[in-house]
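Trainee: Before I ask anything, here is the structure I am working with.
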Amino acid sequence: MTKECVACKQQLPLSNFNKKQGKCKQCQAAYNKKYKEDNWIDLLDKNHNRQMMYKTNIVSFARRMCKNMLNRVHGYGSVYSSNYQGLPICTRDEFMIFCANDKNLPRLYKAWQDSGHKIELVPSPDRLIPEVGYVIGNIEICTFSENVKRQFKKDPNNTIPSLYGLQEEEN
């Protein structure tokens with residue numbers, strides 16, 4: 001069986017078409033390429049808006065926290081990943097349920113938004129016992145600055161607080 005492409009008007013075998021497409025695969029690929037070339041600024045804006053969604057939506061923010069935890073445990077993206085690599089981690093569904101039931105997250109998220117997204121106020125998952133990993137019962141949501149200060153108390157050789165201008169509080 002054949003079908004006529006709406007773009008090039010050729011009769012081609014059905015295998016040259018994607019499902020429910022009027023254009024053959026070759027014409028569709030050419031269209032997609034031209035569309036990206038002509039609309040690259042709009043596409044960048046859409047992608048930027050999608051990436052920034054976590055700043056306006058607490059559910060997207062919780063997903064981003066989960067993704068960041070996974071990246072740390074799998075050793076992606078951070079010079080400090082070796083501190084987390086191979087640790088146990090809860091599933092995304094478990095973490096999302098944890099976030100939905102957490103009493104601190106909505107308050108901390110709102111304070112972070114109200115501050116204009118200051119890094120020291122961003123909600124951050126803290127491992128109460130670092131070696132146990134990101135498992136339910138060992139995670140507490142606190143501010144980034146509080147998390148970093150706790151890390152320093154657990155490991156005095158940690159240099160992270162000074163990188164962010166955070167000083168250890170003396171008692």
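The values are calculated or read from the model by the stated rules, or taken from the named source; none is laboratory data. None of the values given here were measured: they were computed from a predicted structure. So basically every Cβ, Gly included, is an ideal-geometry build from the backbone, and we count neighbours across all protein chains shown. Surface accessibility is based on the protein's heavy atoms, side chains included, excluding ligands, DNA and RNA. Shrake-Rupley method; radii C 1.70, N 1.55, O 1.52, S 1.80 Å.
Trainee: Kindly indicate which of N16, N101, N68 is loosely packed, with under 12 Cβ neighbours inside 10 Å, at pLDDT 80 or above and out of contact with any Gly (no Cβ under 8 Å at 6 or more places or on another chain). Reasoning before the result, please.
Mentor: Details: N16 fails: loosely packed, with under 12 Cβ neighbours inside 10 Å; N68 fails: loosely packed, with under 12 Cβ neighbours inside 10 Å.
Result: N101 is the single residue among N16, N101, N68 that is loosely packed, with under 12 Cβ neighbours inside 10 Å, at pLDDT 80 or above and out of contact with any Gly (no Cβ under 8 Å at 6 or more places or on another chain).
Trainee: Just need a number here: residues in the range 114-141 that are under 16 Å from R63 (Cα atoms) and among the hydrophobic types (A, V, I, L, M, F, W, C).
Mentor: First pass over the range 114-141, keeping only residues under 16 Å from R63 (Cα atoms): 122-126, 134-136, 139-141.
Restricting the remaining residues to those that are among the hydrophobic types (A, V, I, L, M, F, W, C) gives 122, 135-136, 139, 141.
Adding up the residues that qualify gives 5.
Trainee: Could you say whether any residue in the range 109-120 is in a helix (DSSP H, G or I), under 17 Å from V73 (Cα atoms) and at pLDDT 90 or above?
Mentor: The answer is no; no qualifying residue exists.
Trainee: Go through the range 104-142 and give me each residue that's open to solvent by less than 20 Å² (accessible area, probe 1.4 Å) and under 27 Å from G86 (Cβ atoms). Spell out how you get there, then give the answer.
Mentor: Kept after step one, since they are open to solvent by less than 20 Å² (accessible area, probe 1.4 Å), are these residues of the range 104-142: 105, 108-109, 112, 123-126, 133-134, 138-139, 141-142.
Answer for the range 104-142, where residues must be open to solvent by less than 20 Å² (accessible area, probe 1.4 Å) and under 27 Å from G86 (Cβ atoms): L105, P123, S124, P125, D126, G133, Y134, N138, I139, I141, C142.
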